[in-house]
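This report concerns only the one structure given below.
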Amino acid sequence: MLILSDENRYQILKLLEENPELSQRQIAAALGVSLGKVNFCLRALIEVGSVKLANFSHSPNKKGYVYLLTPKGIEEKARVTLRFLAKKQKEYDALKQEISELKREARALK
């Protein structure tokens, strides 16, 4: 089974929820990651049943696909959003503390 970080999982699920018709290349560009990483992530999400791949029947390009979040994917997005938010909040709090310490140091140097 392929393992994704919460950040990768969150970013891709959020993007697919908003734009299921994006190609892997467009997803890679939007997230600033390699096409290979997007392919890896999408395969992992499909493997665990969070995303399903469907033909985009209205497209003149019959090779076009859409990546649809399944009910399991919607639940997973909610869980991963909470975990990702908690992680980012910790990082933010640590950064605020570091900035406060640097400001104290800078004032002491004056």
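Restricting attention to segment 6-33, which residues are under 11 Å from the mean Cα position of the chain (by Cα) and hydroxyl-bearing (Ser, Thr, Tyr)?
Tyr10 - this is the single residue of segment 6-33 that is under 11 Å from the mean Cα position of the chain (by Cα) and hydroxyl-bearing (Ser, Thr, Tyr).
What about Gly36, is it under 13 Å from the mean Cα position of the chain (by Cα), without any contact (Cβ under 8 Å) to a residue 40 or more places away in the chain, exposed (fewer than 15 other Cβ atoms within 10 Å of the Cβ) and over 17 Å from Val80 (Cβ atoms)?
no
Determine, yes or no, whether Leu82 is part of a helix (DSSP H, G or I) and in contact with a strand residue (DSSP E or B) (Cβ under 8 Å, 6 or more places away or on another chain).
So Leu82 does not fit the description; no.
Going by the conditions given, is Ala108 more than 15 Å from the chain's Cα centre (by Cα), hydrophobic (A, V, I, L, M, F, W, C) and not in a helix (DSSP H, G or I)?
Judged against the criteria, Ala108 is not a match.
If you check Arg104, Arg79, Arg83, which single one turns out to be free of Cβ contacts under 8 Å to residues at least 60 places away in the same chain, closer than 19 Å to Ser5 by Cα and not hydrophobic (A, V, I, L, M, F, W, C)?
Matching residue, one of Arg104, Arg79, Arg83: Arg79.
Quick check on my filter: what residues within segment 1-19 are of a type in the set (Asp, Glu) and either crowded, with 19+ Cβ neighbours inside 10 Å or modelled with pLDDT of 95 or more (or both)?
none
The values are calculated or read from the model by the stated rules, or taken from the named source; none is laboratory data. Computed from a prediction, not measured in an experiment: that's the story for all the values here. Using ideal geometry, Cβ is built from the backbone for each residue, glycine included, and neighbour counts are taken over all protein chains shown.
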